[in-house]
Structures are given as C-alpha cells and as structure tokens.
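Heads up: the structure comes next, in structure tokens.
The values are calculated or read from the model by the stated rules, or taken from the named source; none is laboratory data. Everything numeric here is computed off the predicted structure, so don't read it as measured data. For neighbour counting, all protein chains shown are included, and Cβ atoms are generated from backbone atoms with ideal geometry for every residue, glycine included.
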Ligand SMILES: [Fe+2]
C-alpha cells in the first residue's frame, strides 16, 4: 500500500488535532502493537495496518463518539478503489474491525481480535492499564506485552518512521509555523536549547532545517532575555521555579527562566499553561543524569 498517500487522504478529512489522543501517534502505536501480536498469532498484517489508519480516522471528538467506528469503516469502503490493496475477504475483516472496535467485544475472527487488542493495548496514553479480561488474544494478554505497550503509550511515544512514511513533516508545525509542543518537542527543546545556550555546537545538525531554525531562534531569544530582560524573567519565577532541575548555579536558573520567557512570548501562552507544558517534558527525578 502507498501509506503516504493514504495517510494524507485520511488526514485531509480528520477533524481533530492530528497529535491528539486519537491522532497519528496513536495510529502508529496501534500499528506497531498489531504487528507485534500478529507475529505470534498469524493475524493478517495488511488488515492490521489499514485498521490502524482507519479506526479512529472519523472521530468528531476525543471523548464518547459512538459512531466513529462505523464512519471509519465507511471511509475505508469509499477509499477502497484508489487507496486500498485488500481482497474482498480482507476488506470485510477491516470493515468489521473498524465498525465494532468500540463495542467492547472479544469474540471474533483472529485478525479482528488482533486489531481490537492493538487498539486496547494503547490505553496507557490515557492513564489506564489494559485489563487482560478485556483483551481478546493470548498474545495480547501476556504481562510483558501489556507492560511493553503501556510503557510506550504512557510516554506517548511517536514512532520516528511516521514523519516520512505518512508524509507528516508539515504537520509538525501549527498555523503560526511553530512546532507543536508535544511531549517529544518539549523534551527536545529542554535538552537542546538549554544546552545550546552554553554549548551551541551541541545542536544536532541532522535535525530538519525548520526545527533547527526554530531552535536557533529560541536560543537567540533566550540569550536576549537573559542579557536584557531581567525583570520579565524574574516574573516567570513563581510558575517555572518548581520545574527547574536541581542546578545550584544562579546563572543556570536565570537561563532556564529566559528560555521559559522566550517560549511564552513565541507561543503567546499564559505562564500557568507554559508551566504545565514544560512539566510534561521534564525528566522524572530518578531519570536525571
Ligand atoms: Fe483507537
């Protein structure tokens, strides 16, 4: 299948934030979950790949949306001729898997069961651990499979391959041309830009040009704030200080506040929202180096 064209087609009608709870990173993890399961149980991997892309593609909200499975199935039928390479039997499995994926059922064809399990194994992204009793296949019920999928889901891992395979580079940016501040981008900013201030040469030159330019701009703004906007950066203190890693040096703290101010200005966001976003990307105490 030409996944890039299909993903573009699906996303062109997707109504929600592509990086939201039911967006592309979920689709990608569902695909990886399903491909892992089918190695054990022989389910049809082509159907699983299409299921990952279609099953939440017609959601209209991130909460209860009872008919989105049926709408996703109907979209698959509509796009079949131009975008889908499945025979009639496979298509029927795909349609049923999409249509019924929210009904909580566990009995079905092994390929359909594997699709549902692949989806349910990603519940960690909303803070839930999949209940083995609600999973369908033995492959999914293994404690190590649940632990593996839940760890990835809870960190909302974005598999790196989707940027090329699904042609998503343009989607890394919002309508102001700034990168989405998802967890991964926040972590990248904290790691690269805070270091970049002190050690510019550490900025990874293999990065996309647009991301590199953004990080450069942020570094310059941080530098400017640090040098000339003492009062404004001290105003960040109340919200940002609790998030600052344990670094004793006053200059490092000021540098951190200067970075926070640069982000706040660039994205036009309130301090409390910025603090919440930055907190997502901070390493947990035990992970600190
Ligand atoms: Fe899903």
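Among the residues of segment 39-52 satisfying the criterion of being more than 11 Å from the ligand (Cβ to nearest atom) and either assigned to a loop (DSSP other than H, G, I, E, B) or buried (at least 23 other Cβ atoms within 10 Å of the Cβ) (or both), which is farthest from the chain's Cα centre (by Cα)? Show your work before the answer.
Start the filter on segment 39-52 by keeping residues that are more than 11 Å from the ligand (Cβ to nearest atom), which leaves 39-50.
Filter once more, keeping what is either assigned to a loop (DSSP other than H, G, I, E, B) or buried (at least 23 other Cβ atoms within 10 Å of the Cβ) (or both): 42-44, 47-48, 50.
Working: 42: 28, 43: 26, 44: 25, 47: 22, 48: 19, 50: 19 Å.
Restricting to residues being more than 11 Å from the ligand (Cβ to nearest atom) and either assigned to a loop (DSSP other than H, G, I, E, B) or buried (at least 23 other Cβ atoms within 10 Å of the Cβ) (or both), the top hit is 42.
Within the group 140, 153, which residue is over 20 Å from residue 98 (Cα atoms), within 15 Å of the ligand (Cβ to nearest atom) and buried (at least 16 other Cβ atoms within 10 Å of the Cβ)?
Numbers: 140 fails: over 20 Å from residue 98 (Cα atoms).
Just a single option satisfies the conditions, and that option is 153.
Among what's in segment 54-80 and is touching a residue at least 40 places away in the same chain (Cβ under 8 Å) and farther than 11 Å from residue 22 by Cβ, pick the residue that is nearest to the ligand (Cβ to nearest atom). Going through the qualifying residues, I end up with 54. Where helices (runs of 4 or more DSSP H) fall wholly inside segment 67-174, the ranges with 1 or more residues that are at pLDDT 95 or above and within 22 Å of residue 38 (Cβ to Cβ) are 68-83, 88-99, 110-120, 138-141, 143-154. Residues in segment 18-31 that are surrounded by fewer than 21 Cβ atoms within 10 Å (Cβ to Cβ) and touching a residue at least 60 places away in the same chain (Cβ under 8 Å): 18, 21.
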